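Only one structure is covered here, and it is reproduced in the block below.
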Amino acid sequence: MEAEDELQTYLRMPAARHDVEVLDFWRAQKTRLPNLVLMCRQFHALPATSGGVERLFSKTGRMHDDLKKATKEKTLHHAMWAGYAPP
């Protein structure tokens, strides 16, 4: 089934009840709407906040402060992947 056909099928479906769990609903549609289920899975996998990015930005700032400006980009990149966090 083409993605456009799936969208039309979804739009013709009756509105879901409020007591239905979202992930359970999409799990039940796996064979009927496979492309939309994939899109839903990707959408619901996104983090709800940007906290992880903010922590990474802070950690990078501590590793590349005024006293460590000579640190090479490659070294900084490897240290971030290794999980090094200075005090």
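The values are calculated or read from the model by the stated rules, or taken from the named source; none is laboratory data. These numbers come from a predicted model, not from an experiment. Note: ideal-geometry Cβ built from the backbone for every residue, glycine included; neighbour counts use all protein chains shown.
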Subject >> Search result, residues across region 1-15 that are modelled with pLDDT under 80 and loosely packed, with under 10 Cβ neighbours inside 10 Å >> reply: Glu2, Glu4
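Quick grid of which residues meet (1) modelled with pLDDT under 80; (2) loosely packed, with under 13 Cβ neighbours inside 10 Å; (3) of a type in the set (S, T, N, Q):
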residue: Arg17; (1), (2), (3): yes, yes, no
residue: Leu33; (1), (2), (3): no, no, no
residue: Val37; (1), (2), (3): no, no, no
residue: Phe57; (1), (2), (3): yes, yes, no
residue: Leu76; (1), (2), (3): yes, no, no
residue: Trp81; (1), (2), (3): yes, yes, no
residue: Pro87; (1), (2), (3): yes, yes, no
Subject >> Members of region 64-74 found to be part of a helix (DSSP H, G or I) and either of a type in the set (Asp, Glu) or at pLDDT 75 or above (or both), listed by number >> reply: Asp66, Glu73, Lys74
